[in-house]
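The values are calculated or read from the model by the stated rules, or taken from the named source; none is laboratory data. Note that this is a predicted model, so its numbers are computed, not measured. In this analysis, Cβ positions are derived from the backbone assuming ideal geometry, glycine residues included, and neighbour counts consider all displayed protein chains. Surface accessibility is based on the protein's heavy atoms, side chains included, excluding ligands, DNA and RNA. Shrake-Rupley method; radii C 1.70, N 1.55, O 1.52, S 1.80 Å.
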Amino acid sequence: MKYDPHSLEQKWQDIWEKERTFRSFRPGRPDAEKPKFYCLEMFPYPSGNIHMGHVRNYSIGDVLARFKRMRGFNVLYPMGWDAFGLPAENAAIQNGTHPASWTFSNIENMKKQLRRMGYSYDWTRELATCAPEYYRWEQAFFLKFLEKDLAYRKKASQHWCPSCHTVLANEQVIEGRCWRCDSEVEAKELTQWFLRISAYSEELLADLETLGKGWPERVLTMQRNWIGKSLGADIEFPLEEGTQRLRVFSTRPDTLAGATFMSLSAEHPLLDEILRGRPQEEEARAFALSIRNSVKTSAKGPEDLEKEGRFTGAYCLNPLTGARMPIWVANFVLAGYGTGAVMAVPAHDQRDYEFARKYDLPIQVVIQPENSPALRPEDMAAAYDRPGRLVNSGTYDGMDNEEAKGTVAGWLEERGLGRPSVQWRLRDWNVSRQRYWGTPIPVVYCDRCGMVPEKAENLPVLLPLEVQTHPDGRSPLPDSPTFCKARCPECGGEARRETDTFDTFVESSWYFLRYAASPADNGQAFNIEDLRYWMPVDQYIGGVEHAILHLLYSRFFIKALNDMGFIREIREPFSNLLTQGMVRMGGSKMSKSKGNVVSPSEMINRYGADTVRLFCLFAAPPERDFDWSESGIEGAYRFIQRVWRFCTDLAGKIPPAGPLSAGEEGPRDERARETRLREHAAIKKVGEDLENFQFNTAIAATMELFNHLLSTRDELLDEEPGRKALASATASLLTLLAPFTPHLSEELWQTLGFAGRAGEQPWPAWQAEALRRDILTIVVQVNGKLRARLELPAEASGEECEAAALTHDNIQKYIQGREIKKILHVPGKLINVVVA
């Protein structure tokens, strides 16, 4: 029988679909008595075609889902579509079609491709975020956010992408460029909607500790850094003229006596007043304007900018020493972090040190290292930012600097000049987008009543599908009278609708809840009992590029929805997170522009879905990148063909017994006993490796078992014990391969006459007694070189093994007359005799 992957894969996909094999069971059904396992990959944007990154990601999830079903779990493994957002809108404009038509056409095409891969999704739970039955609940959440003061609108300078015609959240600006299109970002004053994620800063940070065992450490570190908790003090510096004070936040109140100048952001609220009427006003204002008109956001932070500033001509007073401190406007001070003012301590902060050297500003050492030569400003090549004792700090001289932090903060609080404080790097989430293809924000603007939320019973506020997009990407919503004209929910008068739409990350922040609570339920956002059963997600799989944006927003949404009563008793969405590596070509990320893209459809047409799955899982551990290799996929194809030929040739020659059917007492025949041992060893190895996501080594273990069966096949077929052992081990082989190559396993299982289905078998349980050998082969080395092999009883003691090695004729030739320095013994495997 020739291996024809296309016909047999289509056959089994049709069977699975007809029998609804992978449908998950809701609480109350018999299967729901099993332990649950919610397996989920980050859902895709429907671009039209899956790529090799998708294949790797979804193959990982599918193996886990199939494995857990065989382990006796009730598995929820859904799929849906992140269907709103800029990519779909931009692609539709480029292709001269409507975003809705483009999106739904792409969904159908990608769905066919995913089905062709044989993934075991429960398609009854499919959802698309652009469907009104989905986004109506998002609008309901927003109304509750407004009610709870977790949503608000304000005017502020925003990151604006001129190519995408929309604002970007802080997290979406990477080194001054748009995360989506790589265009240079500009600053623009706009009134926008924000979600108050900062209200959850403490909880978002603290709950990372509960994820320590299930999430990669680098993802936890990235989130900790982005949330950015800083302990310190608010300190007030009186202006030399007038009654105003400059308030700063500092994590180093111990260095207050060393503050020699003040740095302000270009947007500081007191800057205009400070500059007014001074000789430096014109130059400083022009400099501040140039900063405001350029975006200098860097993924590494403002410390990497070339430090620039202008003196304002004004001074403030150091609250500890009374010294005059010149006030500068500087490009590295951010208005959105802290207070927009920084006390500069150049002797103990590198950024301030560089600025002071550049502009010849005073440097005052206030911390001296212990047991080291005294620091002198004129000799310093860099700031000293390590521990020590205070100097030049009045009554605090000699105090340990860590102790001084609290002491100085307390002194300031007593005198009304400051207080201990906490600052967070995390800023509130800007969710307004000036584009068409997104969820409408459910508020109206009434000349009489102002901003008014839509009534819940009027939801959803539908996105109009009859409008035409603009070629330049501008939203058509402001130009649509049928959409803009509305009635005020409070007074009934004329009103106009909000024409901004939600950031698409809002949709992806709660989709996993809708899967669990049945997307077909239009009467409520979530069934609480369903959520209580399925949540949290047991295994989440996706790229590390979402470590901050999507994962942080999802964690916030869970906590907020819990507090607002939409869900209960769920504080974290994902118990375990796997961030898979990329598929590369020639060391580079696959991209159309580089011409190094491998089409999954082309590979499936050439080799079949099972081969593509097997290669992607065998090429490297899942968290690592791997290079696409023609020889690698050819090797996977050859292995599958060899398994096919081996099993089809066995049809009718072995009994139709299942895995581990050789008997607990073990066959007496030596060859059969060895086969049983190899069978149990493979089951043990593959099961342990799958639990630890070591798919490549699990596949290697199945290959090792197969090679043994191939080499001993004829001998095993000679006798009845051998045939039983061969049948048992072959059934186990197909069972172990079922999560990786499900179509192949099912077809060969049926061909060999085994009962039931391969993928529905309980995962085999290996037995310790089957792994014991009566006779062990021990390698004997002299000075690391192989000199003999010994066949010894398994129960032989260490002393007996070493004595047998030393008296072996061949070993005697190499050790006779020479001093034995030591004997290295790895029990059951190796003895190395080290001689002079």
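Quick notes on this one:
- Residue match in region 799-807 (condition: in contact with an Asp or Glu (Cβ under 7 Å, 6 or more places away or on another chain), open to solvent by less than 70 Å² (accessible area, probe 1.4 Å) and touching a residue at least 12 places away in the same chain (Cβ under 8 Å)): no
- Residues of region 108-136 satisfying the condition of being under 29 Å from VAL461 (Cα atoms), buried (at least 19 other Cβ atoms within 10 Å of the Cβ) and hydrophobic (A, V, I, L, M, F, W, C): MET110, LEU127, ALA128, CYS130
- Residue match in region 447-464 (condition: in a loop (DSSP other than H, G, I, E, B), touching a helix residue (DSSP H, G or I) at 6+ places or on another chain (Cβ under 8 Å) and open to solvent by 60 Å² or more (accessible area, probe 1.4 Å)): yes
- For region 260-289, the set of residues classified as touching a residue at least 60 places away in the same chain (Cβ under 8 Å), touching a strand residue (DSSP E or B) at 6+ places or on another chain (Cβ under 9 Å) and not hydroxyl-bearing (Ser, Thr, Tyr) consists of PHE261, MET262, LEU264, ALA266, GLU267, HIS268, listed by residue number.
- Summed over region 810-833, residues that are part of a strand (DSSP E or B) and touching a residue at least 12 places away in the same chain (Cβ under 8 Å) total 9.
- Considering (1) open to solvent by less than 20 Å² (accessible area, probe 1.4 Å); (2) among the polar types (S, T, N, Q); (3) within 17 Å of the chain's Cα centre (by Cα), the lone condition that SER575 does not fulfil carries the number (1).
- Some residue of region 469-490 being among the hydrophobic types (A, V, I, L, M, F, W, C), surrounded by fewer than 16 Cβ atoms within 10 Å (Cβ to Cβ) and not in a helix (DSSP H, G or I): no
- Taking every residue in region 23-42 that is acidic (Asp, Glu) and pairing it with any residue that is at pLDDT 75 or above and open to solvent by 20 Å² or more (accessible area, probe 1.4 Å), at least 6 positions away or on another chain, the pairs with Cβ-Cβ distances below 6 Å are ASP31/PHE25.
- Residue in region 681-694 that is farther than 16 Å from PRO739 by Cα, acidic (Asp, Glu) and assigned to a helix (DSSP H, G or I) present: no
- In this structure, MET564 does satisfy being farther than 20 Å from LEU40 by Cβ and out of contact with any strand residue (DSSP E or B) (no Cβ under 9 Å at 6 or more places or on another chain).
- Odd one out for ARG613, checked against (1) touching a residue at least 40 places away in the same chain (Cβ under 8 Å); (2) assigned to a loop (DSSP other than H, G, I, E, B): (2)
- Of the residues making up region 698-736, those that are under 23 Å from PRO622 (Cβ atoms), open to solvent by 30 Å² or more (accessible area, probe 1.4 Å) and touching a residue at least 60 places away in the same chain (Cβ under 8 Å) are ALA700, MET703.
- ILE815 vs. criteria in contact with a His (Cβ under 8 Å, 6 or more places away or on another chain), on the phi < 0 side of the Ramachandran plot and among the aliphatic types (A, V, I, L, M): no
- Filtered residues of region 240-259 (kept if more than 13 Å from PRO420 (Cβ to Cβ) and in contact with a strand residue (DSSP E or B) (Cβ under 6 Å, 6 or more places away or on another chain)): GLU240, ARG245, LEU246, ARG247, VAL248, ALA259
- Of the set (1) assigned to a helix (DSSP H, G or I); (2) touching a residue at least 40 places away in the same chain (Cβ under 8 Å); (3) surrounded by fewer than 23 Cβ atoms within 10 Å (Cβ to Cβ), all apply to ILE633 but (2).
- Filter result for THR210 (in contact (Cβ under 8 Å) with a residue 40 or more places away in the chain and either open to solvent by 30 Å² or more (accessible area, probe 1.4 Å) or not hydrophobic (A, V, I, L, M, F, W, C) (or both)): yes
- Residue among GLU217, GLU236 that is without any contact (Cβ under 8 Å) to a residue 24 or more places away in the chain and either open to solvent by less than 10 Å² (accessible area, probe 1.4 Å) or of a type outside the set (Gly, Ala, Ser) (or both): GLU217
- Among residues of region 326-344, those that are open to solvent by less than 10 Å² (accessible area, probe 1.4 Å) and within 38 Å of the chain's Cα centre (by Cα), counted: 5
- Selection from region 761-778 of residues that are over 25 Å from ARG645 (Cβ atoms) and either modelled with pLDDT of 95 or more or not in a strand (DSSP E or B) (or both): PRO762, TRP763, ALA765, TRP766, GLN767, ALA768, GLU769, ALA770, LEU771, ARG772, ARG773, ASP774
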